[in-house]
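Novice: One structure coming up, written as C-alpha cells, with questions to follow.
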Amino acid sequence: MEDKEFILLESARRLERWENTPRPVPDDYADMNRDELIKLAVYQRERLEESDAARKKEREESAGRISALTAQVSELTDKISELTEQLRKNNESMSAMAGQVFGLMKQLREKDEKIAELQSTVKVGRRHLFDRKSQKGTRNKDDGNRPTPHTDVEDDFDGTAESLPSNLDVDVDNGSTDVAGGSAVPQKECRLYRLGKSNRTMTADNHVYHKSDRSKLPDGAVVIRTYSRYTYDQKTVITEHEHEIVACRDKDGRVMCGYFPMESEKDEPVIESVPGTHAVPDMMAHLVFNRFFLDTPVYRETARLLQERMRLSRQTITNWLEKGSRFFKGVIEYLKDNCLENDSVVNCDETWCRVKVGCKYRKRYVWCLVNKAARTAVYYYEDGSRGRKALKEILEGRELRALQTDGYNVYLYLDDEMPGIDHVCCMAHVRAKFKYAAEIEHDENAGKFLEYIGKLYALERRYEEEKLSAEQVKLFRNSAETTEIIIGMRSLLGLMKSGNVPRQGSLMEKAVGYLDHFWNQVFLYRKDGNYTIDNSLAERCIRPLANERKNSLFFGSDKMARVSAAYHSIVSTCGLQGYSILEYLKKFFAEIVAGNRDYGKLMPSTIGISANKL
C-alpha cells in the first residue's frame, strides 16, 4: 500500500517538473544562411506587395461595383418613387372613376326608374285615350257575360246562312232555332219596374193633337180601332227685323226718337234686343246654350248661322256673349251666398285652361265649388291662380262645415289655417291610383286594396238604395263591419310600408304614399252622414270645362275666361236644380229686356219656370 502511494507521488513530481521545464521553440530558418534569408525576405515582401496590390485592386473594383450598384439602387429608388406616385395617381383616378361609375350607375338606375315611370304614364295616357274611362274596379277577364267581340261579316255575307261565320248565331226560320240547330233564343226577362209603363219614351212639351175626320171614311166602313202616329217638327228660322226709327222735333224744340208700329202690326209685340247687342232674348239664349252647354266653338257657331243664311262674325258673337254675361253678376252673387252658406258641405275641384296673355298662351285655372244640399254650383276665375291665396279669397269670411277635395297640396291650407272646416279627401282618387297600379303594373296588393275600397262603395250604395237618414248613415259608417274593412286596409298599408314585400312599381309607390299621407282626410267622411265618400259631384261639374277646353282650345283673354265661369255657373246650377237651361236663359234675357233687375227673383228657382220633368 505504501509502494503504490510512493509511485503516485513520484509520478506527480515528474509531471510537475515536465510542465515547469521550458521547451525550445522550433526555428524553421535555423538551417538557412544569410543570403537565403535575404532572398526569403525579398520574396515575402514582393508577395506582400502583390497581395496588397490585389487587395487594392479588389477594393477599387468593389468600390466601382458598389458605386454602380448604388447608382442602380438610386435609379431603382427613383423608379419606385415614380411608380409609387403613378400608382397613387392611378388609385386616385381609379377612386374617381369608381365614383363616376357609381354615379353613372345611380343615374342609370334613376333613368331606368324614370323610364318605367314614363312608360306607366304613357300606358295611363293610352288607357285614357283608347280604353274605358271607368275607375270603379278592374276588369274581370273570366266574366262569361261579356259581349262577343265585333265580327265584320259585311264583305263575305251573301244573304244566306252558310255565308255567316260559325260562331255567329242567327235566326233562319222564325226565331226559334239558330244556325247550328241549337235551342231557341231565350226571351228577354221580364223587368218588373217596366210593368204598366208604355214603351214610348219620346215626348215633347209642346203637343198638338190632330183628330181624323171620320166623315171622310168610305161608305159602309166600320172603325176597328184607332191609334196614334207621332211626328216631331222643329223649325229654326232666323229673321232680321228692321225697325224704322223716326226722329222728330216737337213744337217745344225737343228731339224725340221712336218706333211707331203700323196699324196692321199693333197686335204684334215690339221686338227688343238685349242691351248692347242686336240679339233678341231667344237668339241670345240659343247662343249661350250652344256655346256653354253644347260646347260649340264660336267658329262652328258662325258656320251654323251661315247655313241658316245669316252672316255673323266670330268677334260679334264673342262681344254679345260678354255683354250678356254682365247681367248675370247679380245672380251669381246670390248663387255664391247659397253655395257657401254657413254650416254647409261643399265639394271643390279645379281644372286648367289656356288663356292668351299678350302674345303668348298661359296656363290658368278655374275653381268649381258645389253645394249638394243647395243644388248650386259656382265657378271662380281668380286671375287664373291655383295657389293658396286664391282659395283663401274664395273662402274668406265663410263658415263652412266641410270642404271635400282631392289631394292637391294647396287644400292643406284648410288643415293649417282653417281647422274649423273639416277637410275631407276623395276616395275615388285613391281607388284610381291603385287601379292604375293593378292594370298597368299588375300588382297583386293593388288588387287587394281595390277589393277593400269596393266593399266600402258597396256599403255606400246600400245606404243610398235604402234611403237612410244622415244619422243612420253615420251610425252604419262607424259600425263593426265598416271598421273591420278599414282595419284590413291599414294592416295592408303597414305591410307595404315595412318593406317586407317585393319591390313595387312607381305607380304602386305613389298610390301607397297618397293613401298614407291623406289617411285621416280620406276616412273623415265617417264623421258625418252628410259627407260623401268621394268628390265625384265636383268632378262631374268640372267636366264641362274640360270639354270646352278640348273644343275651343283657349280663351282670348282673362275677361272671356271670367265670362265662361259665369255662364257655367248658371248652366250647372240649372242642371243640378232640374230646370231647362234653354228655357231659363230665354226667360232671363226676356226679363232683362223688360227692365227687371231684381236678381233675387231672376234665379232659376224664382224666375217662374217649372222643372224639366223629362
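Novice: Please give the length that would be gained between GLU481 and THR231 if that part of the chain were fully extended, namely 0.36 nm times their separation in residues minus their C-alpha to C-alpha distance (nm, one decimal).
Specialist: On the way: separation 250, 0.36 × 250 = 90.00 nm, distance 5.48 nm.
Full-extension gain reported as 84.5 nm.
Novice: Separate question: Whenever you get a sec, line up ASP422, ASP112 from highest to lowest accessible area (probe 1.4 Å, protein heavy atoms).
Specialist: On the way: ASP422 25, ASP112 80 Å².
Ranked list, largest accessible area first: ASP112, ASP422.
Novice: Could you please state how large a percent of the accessible area of segment 239-321 is carbon and sulfur, counting protein chains only and using a 1.4 Å probe?
Specialist: On the way: 3090 of 6080 Å².
C and S atoms contribute 51 percent here.
Novice: Could you tell me the number of lysine pairs in segment 387-525 with C-alpha atoms less than 20 Å from each other, where the two lysines are 8 or more residues apart or belong to different chains?
Specialist: For segment 387-525, the number of qualifying lysine pairs is 13.
Novice: Right, here's the next one. At a probe radius of 1.4 Å, what is the per-residue accessible area of LEU87, in Å² to the nearest 10?
Specialist: 100
Novice: Continuing with the same structure: Along Cα→Cβ, 7 Å out, is where each label goes; now give me the distance between the ones at ALA373 and ARG309 in nm to one decimal.
Specialist: Simple spin-label model gives 5.6 nm for this pair.
Novice: If ligands, DNA and RNA are left out, what is the accessible area of TYR230 with a 1.4 Å probe, given in Å² to the nearest 10?
Specialist: Result for TYR230: roughly 100 Å² accessible.
Novice: Only four residue types carry charge here, +1 at the Cβ of Lys and Arg and -1 at the Cβ of Asp and Glu. Report the dipole size of segment 34-79 about the Cα centre in Debye, rounded to the nearest 20.
Specialist: Working: 10 positive and 11 negative charges, 19 e Å.
Using only the charged Cβ atoms, the result is roughly 100 debye.
Novice: Moving to a separate point now. Can you tell me the accessible area per residue over segment 364-488, all protein chains present, probe 1.4 angstrom, in square angstrom? Spell out each step's value before the answer.
Specialist: On the way: 5880 Å² over 125 residues.
Normalised by residue count, the accessible surface of segment 364-488 is 47 Å².
Novice: For the full complex of protein chains and a 1.4 angstrom probe, list GLU451, GLU444 by accessible area with the highest value first. Mind dumping the intermediate values first?
Specialist: Working: GLU451 120, GLU444 150 Å².
So, going from the largest accessible area down, we get GLU444, GLU451.
Novice: Calculate, for GLU240 and GLU393, the FRET efficiency according to 1/(1 + (r/R0)^6) with r their C-beta to C-beta distance and R0 60 Å; round to the nearest 0.05.
Specialist: 0.85
Novice: Same structure again: Would you kindly derive the ³J(HN,Hα) couplings of segment 246-254 from the backbone phi angles with the Karplus curve 6.51 cos²θ - 1.76 cosθ + 1.60 (θ = phi - 60°), listing them in order in whole Hz, with x for Gly and Pro?
Specialist: Coupling constants for segment 246-254: 9, 9, 9, 10, 7, 5, 8, x, 7 Hz.
Novice: For PHE6 paired with TRP18, estimate the spin-label separation in nm (one decimal), with each label point 7 Å from Cα along the Cα-to-Cβ line.
Specialist: Here the answer is 2.2 nm between the modelled labels.
Novice: Another one. How large is the dipole of segment 504-590 about the Cα centre if only Lys and Arg carry +1 and Asp and Glu carry -1, each at its Cβ, rounded to the nearest 20 debye? Walk me through the intermediate numbers first.
Specialist: Numbers: 11 positive and 8 negative charges, 70 e Å.
About 340 debye.
Novice: Let me ask another. What part of the accessible area of segment 424-488, given as a whole %, is carbon or sulfur when the probe is 1.4 angstrom?
Specialist: The value for segment 424-488 is 51 percent carbon and sulfur by accessible area.
Novice: Same structure again: Under a point-charge model restricted to the Cβ atoms of Lys and Arg (+1) and Asp and Glu (-1), what is the dipole moment magnitude of segment 283-368 relative to its Cα centre, in debye to the nearest 20? Can you show the working numbers first?
Specialist: Working: 16 positive and 10 negative charges, 177 e Å.
In debye, rounded to 20, segment 283-368 gives about 840.
Novice: Sort out for me the Cα centre separation of segment 408-467 from segment 278-313, rounded to whole Å.
Specialist: Cα centres, segment 408-467 to segment 278-313: 41 Å.
Novice: Continuing with this model, one more query. At ALA96 and GLU50, where each label point lies 7 Å from the Cα along Cα→Cβ, what is the point-to-point distance in nanometres?
Specialist: Once both label points are built, they end up 6.9 nm from each other.
Novice: Leaving ligands, DNA and RNA out of it, report the carbon-plus-sulfur percent of the accessible area of segment 501-614 at a 1.4 Å probe. Before the final figure, lay out the partial values.
Specialist: Numbers: 2530 of 5010 Å².
Solvent-exposed carbon and sulfur of segment 501-614 make up 50 percent of the total.
Novice: Can I ask one more? Residues of segment 525-609: accessible area per residue at 1.4 Å, in Å²?
Specialist: In whole numbers, segment 525-609 has 39 Å² accessible per residue.
The values are calculated or read from the model by the stated rules, or taken from the named source; none is laboratory data. Predicted, not measured: the structure shown is a model, and the values here were computed from it. Quick reminder, even Gly has a Cβ in these numbers, built from the backbone with ideal geometry, and neighbours come from all protein chains shown. Side chains are part of the model used for accessible areas, which takes the heavy atoms of the whole protein and leaves out ligands, DNA and RNA. Shrake-Rupley method; radii C 1.70, N 1.55, O 1.52, S 1.80 Å.
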